[in-house]
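Structure, as structure tokens:
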Amino acid sequence: MKLLRRGNSDTPDNGDHEVVESTAVELTSPTSETEGKGRPTPKRREAESKRRGPVAPAPLTAKEARARRKQTQGSKEERKQASAERRATAADRRARMLAGEDKYLLPRDKGPVRAYARDLVDSRRHLVGLFMPLALLLIMAMFLSPAIQSIVTLGMLVLMLFMLAEGYIMGRTINRQVRERFPDTMDGGLKLGWYAFVRASQIRKMRAPQPRVSPGDAV
């Protein structure tokens with residue numbers, strides 16, 4: 001007589017085992033929504049080029065290039081208007097730069113230290129300011145007699161020595177006054193002295209930015 005044995009409750013039968021395996025496969029296998037696109041993701045430049053449309057072929061002749069350039073530049077009136085706007089913008093920027101607005105200044109002229117140094121230079125008259133007129137005089141003397149040329153050249157050498165001495169004293173004086181006004185600044189030394197010397201050697205009306213003080217004014 002065969003004894004009927006009841007299956008172990010801890011071990012699932014074959015049907016239950018197949019259900020568990022199929023469920024696990026469904027959970028681990030990617031769905032159609034998460035599957036890869038099968039192609040690499042296009043770069044941003046390629047996507048933008050597709051949105052803009054096809055690129056026109058390069059011109060084959062100079063005439064075709066000129067015609068295409070005229071099409072992209074617009075009509076003659078539009079080009080004149082754009083050119084006038086550019087000139088007006090450039091003139092406005094130059095006017096603001098000459099007025100001393102820090103936003104429109106060159107990097108060498110920006111900052112309160114450089115503005116203070118310019119005021120110190122502009123508040124006095126300097127012998128080094130005669131450098132450009134004397135250089136022009138020396139050029140004109142080249143067309144005169146050798147005797148006059150020698151006299152002018154000797155006078156220029158003497159004046160140059162005085163100018164160098166004045167520039168050295170002016171640089172030290174401006175550096176001292178800048179340190180007193182701006183004790184925490186890192187701008188100074190030879191660079192600031194040379195900046196003051198170059199500005200003092202320019203004709204007053206040609207200085208940029210334009211002087212804010214007159215000779216003799218207190219700074």
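A few comments on the model shown:
- Test result for Asp92, open to solvent by less than 80 Å² (accessible area, probe 1.4 Å), of a type in the set (Asp, Glu) and either in contact with a Gly (Cβ under 9 Å, 6 or more places away or on another chain) or under 30 Å from Ala165 (Cβ atoms) (or both): no
- Looking only at region 95-123, and only at residues there that are under 29 Å from Glu166 (Cβ atoms) and touching a Phe, Trp or Tyr at 6+ places or on another chain (Cβ under 8 Å), the one that is surrounded by the fewest Cβ atoms within 10 Å (Cβ to Cβ): Arg108
- Inclusion of Ala84 among residues that are open to solvent by less than 70 Å² (accessible area, probe 1.4 Å), closer than 20 Å to Ile203 by Cβ and part of a helix (DSSP H, G or I) is not warranted.
- Residues that are among the aromatic types (Phe, Trp, Tyr) and either out of contact with any helix residue (DSSP H, G or I) (no Cβ under 8 Å at 6 or more places or on another chain) or closer than 25 Å to Ala218 by Cβ (or both), drawn from region 153-193: Tyr168, Phe182
- Meets criteria (at pLDDT 90 or above, over 21 Å from Arg204 (Cα atoms), among the acidic types (Asp, Glu) and in a helix (DSSP H, G or I)) for Asp119: no
- Residue that is within 24 Å of Met97 (Cα to Cα) and under 31 Å from the mean Cα position of the chain (by Cα), where the choices are Gly111, Gly171, Gly189, Gly129: Gly111
- Region 87-108: number of residues that are over 30 Å from Leu192 (Cα atoms) and more than 19 Å from the chain's Cα centre (by Cα): 2
The values are calculated or read from the model by the stated rules, or taken from the named source; none is laboratory data. Small disclaimer: the values here were computed from a predicted structure and weren't measured. Every residue, glycine as well, gets a Cβ built from its backbone with ideal geometry; the counts of neighbours run over all protein chains shown. For accessibility, only protein heavy atoms count, side chains too; no ligands or nucleic acids. Shrake-Rupley method; radii C 1.70, N 1.55, O 1.52, S 1.80 Å.
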